[in-house]
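Every number here is computed from the coordinates shown, using simple stated rules; none is lab data. These figures come from a predicted structure and were not determined experimentally. We place every Cβ from the backbone using ideal geometry, glycine too, and count neighbours over all the protein chains shown.
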Amino acid sequence: MSDALHRERLRAQLAGHLERLEREGVWGLSVAAPAAGPIGVPREESLGPVEAEALGCVACRLHETRTKVVFGVGSPEARLMFIGEGPGRDEDLQGEPFVGRAGKLLTRIIEAMGFAREEVYIANAVKCRPPKNRDPAADEIGACRHFLMRQVAIIKPEIVVLLGNSAVRAVLDREQPMSRMRGRFLDWNGVRVMCTYHPAYLLRNPSAKKMVWEDMKIVRDALAAAAPE
Ligand code: SF4
């Protein structure tokens, strides 16, 4: 057997072995497997350890005034993920995102799209409430960003909906009027992202509901088109 043929056989055997290990959940040995998930964060298996880490986090000043860390809620296998900016008063008390008036509106939007709230995943850019519901500061978003990135890497949603400008800043690092970002998918390292107005904005500006519904119909139709048979 020639050296070239021998090397080729060894390469094929090694590739088969590594693929088998990969299917069994072993990532560290595979030269073909990425060292990081699809959005460039370390590959992790489940949300539990990430949540446990967040519950004890004191990495930014928001930990000083929080009642509860608001990690996220929903299906870890969700095809659709919503990301808002940060917990409000009700969320801080209950430890769950989007449970106040804006949350009830978001739930109605999700249901109008044909999903149950439990089928999607809902999280925020920062996991602790900014005092007096101010916008989260850039350094707070930065300190908390790795939790959000790890959630997305584990859940692997097909589509992410960013609710409001803080969520857009946290994920896409973009500063543009929402009117110029909404209405079409943006690409975020292979994940389709739809930016739209935050439900709290809709409570103050009901006329914007029409635009949000237009955005959500685009998302709904894209998920329907990609749905497994
Ligand atoms: Fe930690 Fe995020 Fe809470 Fe800041 S907002 S303390 S980074 S969990």
Here the FRET efficiency for residue 217 versus residue 89, based on Cβ atoms and R0 = 22 Å and rounded to 0.05, is 0.10
In whole µm²/s, the translational diffusion coefficient that Stokes-Einstein assigns to the range 125-175, given a Kirkwood hydrodynamic radius over C-alpha pairs, 25 °C and 0.890 mPa s, equals 213
With the label point 7 Å along the Cα-to-beta-carbon line of residue 44 and a cut-off under 18 Å to each amide N, the hits in the range 152-173 are 152-157, 171
Spelling it out for residue 100: with amide H atoms placed in the peptide plane at 1.01 Å from N, the residues 5 or more places away or on another chain with amide H under 5 Å from its amide H are 91
Of all DSSP beta bridges with both partners in the range 152-229, the antiparallel percent, nearest 5, is 40
Expected unfolding gain across residue 108-residue 187 under the 0.36 nm per residue rule, minus the alpha-carbon gap, is 25.8 nm
Heads up, the range 31-181 by the C-alpha gyration tensor (a ≥ b ≥ c square roots of eigenvalues; a/c under 1.5 rounded, else a/b over b/c prolate, else oblate) looks rounded
Honestly the range 87-169 on the Cα gyration tensor test (a ≥ b ≥ c root eigenvalues; a/c under 1.5 rounded, otherwise a/b vs b/c for prolate or oblate) is just oblate
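Assuming 0.36 nm per residue, please report the length gained on full extension of the stretch residue 224 to residue 68 beyond their Cα-Cα distance. Intermediate results must be reported in sequence, preceding the final value.
Details: separation 156, 0.36 × 156 = 56.16 nm, distance 3.58 nm.
Gain on extension, residue 224 to residue 68, equals 52.6 nm.
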Here, GluC sites (Glu not before Pro) of the range 137-205 satisfying both criteria (DSSP loop; at most 11 other Cβ within 10 Å) are 175
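Calculate the translational D of the range 181-229 in whole µm² s⁻¹ from Stokes-Einstein, where the hydrodynamic radius comes from the Kirkwood formula applied to all Cα pairs, the temperature is 4 °C and the viscosity 1.567 mPa s.
110
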Compactness check, the range 148-229: C-alpha Rg relative to the 2.2 N^0.38 Å globular estimate gives 1.10
